[in-house]
Each structure stands twice: as C-alpha cells, then as structure tokens.
1. With r defined as the distance between the Cβ atoms of B:Glu5 and A:Ser18 and R0 fixed at 25 Å, what FRET efficiency is calculated, to the nearest 0.05?
2. How do A:67-77, B:98-108 rank on mean C-beta neighbours within 10 Å, highest first?
3. When only alpha-carbon atoms are used, what values of Rg and Dmax, in angstrom, describe the stretch A:46-99?
4. What is the distance, in nm, between label points placed 7 Å from the Cα along the Cα-to-Cβ direction at B:Thr20 and at A:Val3?
5. Which of rounded, prolate or oblate describes the stretch B:1-48 when judged by the alpha-carbon gyration tensor and an a/c cut-off of 1.5?
6. Taking a cut-off of 17 Å between Cα atoms, list the lysines near A:Lys41, but don't count ones fewer than 8 places away on the same chain.
7. Starting from the Cα of A:Lys55, draw a straight line to each of the lysines and keep only those under 26 Å, dropping any in the same chain fewer than 8 residues away.
8. Can you list the aspartates and glutamates whose alpha carbon is less than 14 Å from that of B:Lys26, not counting same-chain residues fewer than 8 positions off?
Amino acid sequence: GAVVSQHPSRVICKSGTSVKIECRSLDFQATTMFWYRQFPKQSLMLMATSNEGSKATYEQGVEKDKFLINHASLTLSTLTVTSAHPEDSSFYICSARGDPRGPQHFGDGTRLSIL
Amino acid sequence: SQQGEEDPQALSIQEGENATMNCSYKTSINNLQWYRQNSGRGLVHLILIRSNEREKHSGRLRVTLDTSKKSSSLLITASRAADTASYFCATELNQAGTALIFGKGTTLSVSS
C-alpha cells in the first residue's frame with residue numbers, strides 16, 4: 001500500500017527556533033499534499049494544501065509567513081515553522097494523494113514542543 | 001473549517017459491549033471515512049463509505065450513511081480494551097483533489 005513517511009516524529013526546541021518537518025511519499029507520486037495541525041484532545045484542522053510546483057493554499061487564519069510550505073518534488077513536501085513559540089506546540093500531520101480522486105495517505109505525525 | 005460533528009464526545013463501555021458513534025456533516029460529499037487515533041499517535045484508516053452506499057462492514061465494524069440526513073454512524077461490536085482510542089469521521093467533498101475535513105471526534109474508553 002501507499003506509504004507516507006513523516007520526519008521527525010518528535011521535536012523539542014527553544015522558543016525562536018525554526019523547525020522543518022518533512023513529508024515524503026515513498027512509493028507513489030503525490031500531486032497534492034496536505035498539512036494538518038492537531039491540538040491536544042482536539043480534531044485535525046487543515047492548515048494548507050500543497051500542489052507540486054505551485055504555491056500552497058492556506059486555510060483562513062493560518063499565517064503563510066509563519067508556516068512555510070515547500071512542495072518542490074512529487075515525493076516531498078516540507079513545512080517550516082518559523083520562529084516557533086510555545087503556542088505553536090502541537091501535533092502536525094501530513095497526508096498525500098496521488099490520484100486526485102484517490103485516497104489520502106497519512107504520515108504518522110510530528111509532535112512539536114516549543115519550550 | 002470543520003465539516004463534521006460527532007457524538008458522543010466521549011463514551012465509556014465495558015469489554016464485550018457495542019459502541020456506537022455518530023457523525024453529522026453539512027455539505028454534499030463524495031465519501032465519508034472513519035479513522036482511529038490512539039493517544040499521541042497517527043491516524044489509522046478504518047473504513048470508507050461512498051455517497052451511493054448505505055451500509056458497509058469490515059470485521060467488527062459497521063458503518064451506515066444516510067445522505068438525506070447528512071449523517072453516518074460507526075458501530076463497533078464486541079468491543080475490546082484495545083479499541084480504546086479516539087475515532088474521527090472525515091468527509092471528502094465532491095470536488096476532486098480537496099482535503100479530507102475531520103469531525104471533532106469521539107473518545108472511546110473500553111474497560112476490561
């Protein structure tokens with residue numbers, strides 16, 4: 001089956017640090033990748049939709065300058081949380097889709113903790 | 001934005017009992033999916049039901065979909081302690097390439 005690898009699985013860093021999270025589709029080409037954020041005991045909230053070779057589309061309320069998304073190839077999308085602060089601490093999950101009509105395949109998530 | 005609302009928010013049952021979770025959504029969909037998430041972990045895809053289907057089974061799982069009421073239910077029969085997790089419904093809209101939109105989830109606790 002289709003596998004999406006997300007790395008790192010956990011990050012703990014100081015306030016002000018920028019953190020990059022990678023999302024890779026291992027055995028298929030992902031035309032579209034999605035980034036979600038999940039706060040404790042809450043649901044997944046869509047942050048942005050990323051298409052290979054074009055700018056990401058951000059959901060309302062998500063700062064594009066804060067959460068930089070790069071989808072430079074058909075198998076890799078990155079999310080960079082710039083100048084992270086404690087309120088950015090969350091569980092970030094990516095997903096990837098090959099066929100626009102096909103299923104989304106999810107990574108295992110990255111737990112980001114900003115001290 | 002969130003599309004789905006699940007109820008109950010939390011459910012506690014004994015092993016062997018059945019657990020029913022409900023999900024309602026707002027707009028027309030292509031399909032509805034159910035996911036499980038163990039605490040602090042990623043998502044596990046459970047089952048997908050298309051808009052033209054009314055019921056689907058997978059092992060101890062039974063999912064129904066009522067598009068006229070814009071609602072779905074997930075039934076877990078003969079529950080086990082290992083079923084303890086959060087369960088989310090997610091809807092896929094008719095437009096190709098759009099993201100899944102998740103409901104708020106139901107936290108299920110199964111005690112032995």
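1. E(calc), rounded to 0.05, equals 0.10.
2. Put in order of decreasing packing, that is B:98-108, A:67-77.
3. For the stretch A:46-99, the Cα radius of gyration and maximum Cα-Cα distance read 11.5, 37 Å.
4. Going by the 7 Å Cα→Cβ label model, 4.0 nm.
5. On the way: a/c = 1.89, a/b = 1.48, b/c = 1.28.
Here the stretch B:1-48 falls in the prolate category.
6. B:Lys104
7. Once the sequence-local lysines are set aside, what remains near A:Lys55 is A:Lys20, A:Lys64, A:Lys66.
8. Counting by Cα, and skipping residues close in sequence, B:Lys26 has these aspartates and glutamates nearby: B:Glu5, B:Glu6, B:Asp66, B:Glu92.
Read the figures in this text as sums done on the coordinates, not as results from a lab. Remember, predicted model here, so these are calculated numbers, not experimental data. Because the Cβ atoms are built from the backbone with ideal geometry, glycine has one as well, and the counts that use them run over all protein chains shown.
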